[in-house]
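K.L.:
Structure incoming, see below.
The values are calculated or read from the model by the stated rules, or taken from the named source; none is laboratory data. None of these values were measured; they are calculated from a predicted model. So basically every Cβ, Gly included, is an ideal-geometry build from the backbone, and we count neighbours across all protein chains shown. When the accessible area is computed, the model is the full protein with side chains, heavy atoms only, and any ligands, DNA or RNA have been set aside. Shrake-Rupley method; radii C 1.70, N 1.55, O 1.52, S 1.80 Å.
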Amino acid sequence: MEDPQTAQAPPTAQDTQDLAVRTALPIVDVGVWARHVSRGLWRPYAWQRYVLPIVTGAVIRGDARIILNLPPRVGKSELFAHWFPVAYLESCPRDWVMVGSYAQDLAEDHGRKIRNEFRDNDRINTRHVRLRDDSQSASRWHTNFGGGMFAAGLDG
């Protein structure tokens, strides 16, 4: 059993914001940001608003080992295989993001959606992140800053 005095509570939104400021990550609240760039078409559910500060804090700290067990069709992929990678790459275009799935086709669909946000959404690219002309496939593409994304299924 865990000692209550040494157990860590999940980070609060303020903890995540403080950490983001210290690490210069401009996007603090992915839910608010995604709602803005989607022009209100995507809105986070309550569970997403709860887990976003936890996941964001773990990613910023570099110790992101989180497993979410949720039923189908509740928005896991829309948040963590679409909006979160877009927000992260928009903030950190020199980094690499991998989107994995049980099937290569599904992983490529996610990669295509993320790529298309950078290519088509004029509310993104506040930091002038663009796709490199020579690298724009659905499963692997690069930003003009040297980072990028690749998508792979279990067999990929």
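K.L.:
Does the range 85-132 come out rounded, prolate or oblate by the C-alpha gyration tensor, with a ≥ b ≥ c the root eigenvalues, rounded set by a/c under 1.5 and, if not, prolate when a/b is larger than b/c and oblate if not? Write out the running numbers ahead of the final one.
P.N.:
Values: a/c = 2.74, a/b = 1.72, b/c = 1.59.
Verdict is prolate for the range 85-132.
K.L.:
Okay, moving on. Taking 0.36 nm per intervening residue step and subtracting the Cα-Cα distance, what contour gain separates Arg94 from Arg35 on full extension?
P.N.:
Values: separation 59, 0.36 × 59 = 21.24 nm, distance 2.41 nm.
Result for the pair: 18.8 nm of gain on full extension.
K.L.:
From the protein chains alone at 1.4 Å, what is the descending order of accessible area for Glu78, Glu117, largest first? Each step should come with its number before you reach the end.
P.N.:
On the way: Glu78 65, Glu117 35 Å².
Correct descending sequence by accessible area is Glu78, Glu117.
K.L.:
At 1.4 Å probe size, with every protein chain present, just tell me what the per residue accessible area of the range 45-85 comes to in Å².
P.N.:
Details: 2500 Å² over 41 residues.
Heavy-atom SASA per residue in the range 45-85 reads 61 Å².
K.L.:
Then there is this: Taking H as built 1.01 Å from N, whose amide H comes closer than 5 Å to the amide H of Phe145, not counting residues under 5 places away?
P.N.:
Under 5 Å from the amide H of Phe145: Arg130.
K.L.:
Oh, and also: Between Leu70 and Asp122, what is the label-point separation in nm under the 7 Å Cα-to-beta-carbon projection?
P.N.:
Rounded to a tenth, the inter-label distance reads 3.2 nm.
K.L.:
Mind checking the range 45-76 for chymotrypsin sites (Phe, Trp or Tyr not before Pro) that DSSP puts in a loop (not H, G, I, E or B) and that have at most 15 other Cβ atoms within 10 Å?
P.N.:
Working: sites: Tyr45, Trp47, Tyr50; in loops: Tyr45.
When the chymotrypsin sites (Phe, Trp or Tyr not before Pro) of the range 45-76 are filtered for loop state and at most 15 Cβ neighbours within 10 Å, Tyr45 remain.
K.L.:
Under 5 Å between amide H atoms, partner at least 5 residues away or on a different chain: which partners does Trp96 have, H built in plane at 1.01 Å?
P.N.:
Hits under the 5 Å cutoff: Gly148.
K.L.:
Quick one: what are the phi-derived ³J(HN,Hα) couplings along the range 31-43, Karplus 6.51/-1.76/1.60 with θ = phi - 60°, whole Hz, x for glycine and proline?
P.N.:
Whole-Hz 3J(HN,Hα) from phi for the range 31-43: x, 5, 4, 5, 4, 5, 6, 8, 6, x, 6, 10, 10.
K.L.:
Leaving ligands, DNA and RNA out of it, work out the accessible area of Leu68 with a 1.4 Å probe and give it in Å² to the nearest 10.
P.N.:
Counting only protein heavy atoms, Leu68 exposes about 60 Å² to solvent.
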